[in-house]
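Worksheet: one structure, shown below.
What follows is calculated from the coordinates using simple rules that are stated; it is not laboratory data. Computed from a prediction, not measured in an experiment: that's the story for all the values here. Because the Cβ atoms are built from the backbone with ideal geometry, glycine has one as well, and the counts that use them run over all protein chains shown.
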């Protein structure tokens, strides 16, 4: 039976819908930070609301204490739970076919090949958008980009509110920082000492960073500091395609090698001269349950004044942090 060109957009939308789980999984599996959050169970969908609320504990229970025998125990209300709030950010990648292309690709195999090629580009573009957003400061595209690590773990945690909480007022909401002169920050003989100092600020009992995401310059400096030592890598991470080393018991991952910046994604990877010391127990990827790499609608969208049809791949959500003090930033951009 001949393939009906007029059904192309319906097939395209259906295919996107069928592939939506695969698209989301590919984005997760191709990003070391998202993969680690998935292992920790911190990829949590939300289903609605004006904001994304991220619960956090900001103080100890004041009723805790020692007692003896028949001592009265305090049972007053202890307000220790609050929530940071984050805007819902949205991303979209349209997949378009013109009437002429439908005519030129009349055979079924030709149409499927065209559809697959455009879907792969759409998936790659969406992946780059998400990956770039994970490192952004949330101001890209007029403030529509994900509130990424650059705003969650800034060089100055008191400069601006994050998640609706002012770090200048609430010290529990300040991340740790190692802000270095460039000569020191990129010196292989000094970097491990500087990292030791930053690490010590991020340990609380069994809580400590589990991954360190470094750009190419910081990664090279750390590798150079290990040249005379045996290097240990994470087998599981390597099996998944990620090149990692170890610092203490955290995986050090290169996330800022070669990439191709575009108007859409703005580039992918950690900022130049930066390494993020992350405790992913307290970092959360929050996609909307109804907009996690899915077609905007199952119906075809026909242009009013063009011979073209469109299907739109969509995502909505944000990145949230519930314990900012457990996160650190190594900065080697000083002058």
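Assorted remarks:
- Taking the number of Cβ atoms within 10 Å of each Cβ as an exposure proxy, the fewest-first ranking of 119, 72 is 72, 119.
- Peptides ranked, highest mean first, by Cβ atoms within 10 Å: ranges 147-159, 42-54, 273-285: 273-285, 147-159, 42-54
- Residues 85, 197, 145 in ascending order of nearby Cβ atoms (within 10 Å, fewest first): 197, 85, 145.
- Tensor-based shape of region 110-194 (alpha-carbon gyration tensor, a/c under 1.5 rounded, otherwise prolate or oblate): oblate
- Ordering of 214-223, 321-330 by packing [mean C-beta count within 10 Å, highest first]: 321-330, 214-223
- Ranking of 253, 314 by count of other Cβ atoms within 10 Å, fewest first: 314, 253
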